[in-house]
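S.K.: One structure, pasted below without further comment.
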Amino acid sequence: MTLLRAVKGMNDVLPDEIGRCQAVERLFAETMARAGFREVRTPTLEPTPLFVRAIGEATDVVEKEMYSFEHHGEPLTLRPEGTAGAARAYLEHAIHAKEPVTRWWYSGPMFRAERPQRGRYRQFFQLGAEVFGDPGPGCDAEVIDLLVGFLDALPVTGAAVLVNSIGGKQARERYRDALVQYLTPRSSTLSPDSQRRLSTNPLRILDSKDDKDRTAVAEAPTIHEFLDADDQAHFAALRAHLDALGTPYAVDPRLVRGLDYYTRTLFEIKGAEDKLGSGSTLVGGGRYDRMVAELGGPDVPAFGFAMGLERLLLASGVDAPGRVVDAVVVPIGAAAQSPALALGRDLRRAGIRCDIDTRGTSLKSQLRRATALGARFALILGESELREGLVQLKDLDAHSQERVTPEVALRSIPDSLRNPAGGATAPAEEAP
Ligand code: AMP
């Protein structure tokens, strides 16, 4: 029989790696909660037209990367990103009628049929956030600064923030025309993909990694010449806020992002290029003031970002917690099994993480497993301990052991765990 394997580009995350994932997720949840963001969970599967409308028909994601299928005649897509679903939920539940500003964060799997490589997968996890209802550059600056603090705390070294403004709809249309005018006489020097983009989505040519395209756009006009006065004021205020906060950034006038929904502010954070390769972004985001209206809702401005969990893990030095459990209960012989189960239950009730080895194997093999689990204590229940109502409490770090009552063990273990330097010495006298 052939062995079935995971779908290409989709990874198992085994328990050894989960600790690091959880550490990143926990820090993210804490960072966002501290800034008044609340978690939202939206479905992994959404109606296909949601993404076509929100992300844009002529984008790589919608054109080539979506996992779409029909189920009973309904077109469905595994979400390639989180913003469209969040905006749909925001609208569907009329959140705009309930609160003037909404701050949500999310995390979960996203799906894109891209060519898998290091840091690029077909199922990947994103951590992201959206602010609905705040049109101002202060919001943009606050969120970017929040992210810089998050990356610092992970830590990711060498994080570099790039910002740009692509203006509103009209500025973008004017710029699009100017770009087409500039590139059309040079179209034979473009890559085949970009020759096609010239008629479908010319702004994407700026984002191309192809050397030929890079040369062709090097001298092209930039969007900044086409921004409205309001767009310019927004961008200037964003930069002033970032300056005032001391948040380092660079302006990249050629920064465009793959999703069509952005207006005004765009930003990316790159980092750890040694581990991820150049051109690999950790975070992408920006303002999408038109999306809620384009999905059929009122005019609600919005700002958001998403970052790939896998890339954060590749880039950061975050450590996994080493211990799987604090203690292991070791029954020796069949008669010790039930008392061991009861002792284990009491330990857990006292807040001690504990594994019970019920295989009925030798003391030696059970202790080997206790060490593999990183346990600090082994509570051994042998024949004589059972007879005397005691337990052999072995401190695997300090290499000491003593026979104590289960009550004493239950009281002394938590103290020792709080104070890892101290031994598990039981109090001399029982408390009254
Ligand atoms: P995007 O939704 O394309 O703006 O991407 C935002 C972030 O999600 C990127 O900066 C990456 O960290 C991550 N990301 C996007 N696509 C992938 C992918 N195929 N595999 C892993 N991470 C991804």
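S.K.: What is the sum of charges around residue 139, taking Lys and Arg as +1, Asp and Glu as -1, for the other residues whose C-beta is under 13 Å from the C-beta of residue 139? Before the final figure, lay out the partial values.
M.R.: Details: positive: 103, 264, 287; negative: 130, 134, 140, 142, 145, 289.
Spelling it out: positives minus negatives among the neighbours equals -3.
S.K.: If you take the square roots of the eigenvalues of the alpha-carbon gyration tensor of the range 220-332 and sort them as a ≥ b ≥ c, do you get rounded (a/c under 1.5), prolate (a/b over b/c) or oblate?
M.R.: Working: a/c = 2.78, a/b = 2.03, b/c = 1.37.
Judged from the Cα gyration tensor, the range 220-332 comes out prolate (a/c at least 1.5, a/b above b/c).
S.K.: Of the cross-linked pairs 8/275; 8/169; 64/270, which ones have a Cα-Cα span greater than 32 Å in the structure shown?
M.R.: Checking Cα-Cα distances, 8/169 exceed 32 Å.
S.K.: In terms of the Cα gyration tensor, with a ≥ b ≥ c the square roots of its eigenvalues, is the chain rounded because a/c is under 1.5, prolate because a/b exceeds b/c, or oblate?
M.R.: It comes out prolate by the Cα gyration axes.
S.K.: Another one. Tell me, what is the per residue accessible area of the range 148-271 in Å², probe radius 1.4 Å?
M.R.: Values: 5590 Å² over 124 residues.
Averaged over the residues of the range 148-271, the accessible area is 45 Å².
S.K.: Next up: Tell me which trypsin sites (Lys or Arg not before Pro) from the range 162-225 have a DSSP coil assignment and no more than 11 other beta carbons within 10 Å of their own.
M.R.: 209
S.K.: Beta carbons within 10 angstrom, averaged per residue: use that to sort the peptides 60-66, 359-365, 228-234, highest first. Numbers along the way, then the final one.
M.R.: Details: 60-66: 17.1, 359-365: 11.4, 228-234: 14.9.
Answer by packing, highest mean first, reads 60-66, 228-234, 359-365.
S.K.: Which of rounded, prolate, oblate describes the range 137-181, given a ≥ b ≥ c as roots of the alpha-carbon gyration tensor eigenvalues and a/c under 1.5 marking rounded, otherwise prolate only if a/b is larger than b/c?
M.R.: It is oblate, given that a/c is not under 1.5 and a/b is not larger than b/c.
S.K.: Could you please state how large a percent of the accessible area of the chain is carbon and sulfur, counting protein chains only and using a 1.4 Å probe? Mind dumping the intermediate values first?
M.R.: Values: 10900 of 20950 Å².
Heavy-atom surface of the chain belonging to carbon and sulfur, 1.4 Å probe: 52 percent.
S.K.: Where Lys and Arg each count +1 and Asp and Glu each count -1, what net charge lies around residue 352 among other residues with Cβ under 13 Å from its Cβ? Don't jump to the answer; show the numbers that get you there.
M.R.: Details: positive: 323, 345, 348, 349, 353, 376, 411, 418; negative: 326, 346, 355, 415.
Around residue 352, the surrounding residues sum to +4.
S.K.: What number does the range 335-417 give for Rg over Rh if you use C-alpha atoms and the Kirkwood radius? Each step should come with its number before you reach the end.
M.R.: Details: Rg = 11.7 Å, Rh = 12.9 Å.
Here Rg/Rh amounts to 0.91.
S.K.: Using the membrane-span-like helix rule (whole DSSP H runs, Cα extent along the own axis of at least 27 Å, mean Kyte-Doolittle hydropathy at least -1.0), which helices of the chain qualify?
M.R.: 15-34
S.K.: Helix-only mean residue ellipticity at 222 nm, the chain, DSSP H runs n ≥ 4 weighted -39,500 (n - 2.57), per residue, nearest 500. What is it?
M.R.: Helix contribution divided over all residues of the chain: -11000 deg cm²/dmol.
S.K.: Work out the length of the dipole vector of the chain about its Cα centre, built from +1 on the beta-carbon of each Lys and Arg and -1 on the beta-carbon of each Asp and Glu, and round it to the nearest 20 debye.
M.R.: In debye, rounded to 20, the chain gives about 960.
S.K.: So what is the accessible area of the range 54-125 per residue, in Å², with the probe set to 1.4 Å?
M.R.: Working: 3400 Å² over 72 residues.
Per-residue value: 47 Å².
S.K.: Along the charge dipole of the range 280-422, pointing to its positive end and built from +1/-1 on Cβ of Lys, Arg, Asp and Glu, which listed residue (309, 396, 352) has its Cα farthest out?
M.R.: The Cα lying farthest towards the positive end belongs to 396.
S.K.: Could you order the peptides 120-131, 32-43, 8-19 from most to least packed, using the average number of other C-beta atoms within 10 Å per residue?
M.R.: 120-131, 32-43, 8-19
S.K.: Two decimals is fine: what is log10 I(q)/I(0) at q = 0.33 Å⁻¹ for the range 292-337, from a Debye sum with one equal scatterer on every Cα and no solvent?
M.R.: The computed values of log10 I(q)/I(0) come out as -1.12.
The values are calculated or read from the model by the stated rules, or taken from the named source; none is laboratory data. Everything numeric here is computed off the predicted structure, so don't read it as measured data. Virtual Cβ from ideal backbone geometry, glycine too; neighbours counted across all protein chains shown. The area values use the complete protein model at the heavy-atom level, side chains included, leaving out ligands, DNA and RNA. Shrake-Rupley method; radii C 1.70, N 1.55, O 1.52, S 1.80 Å.
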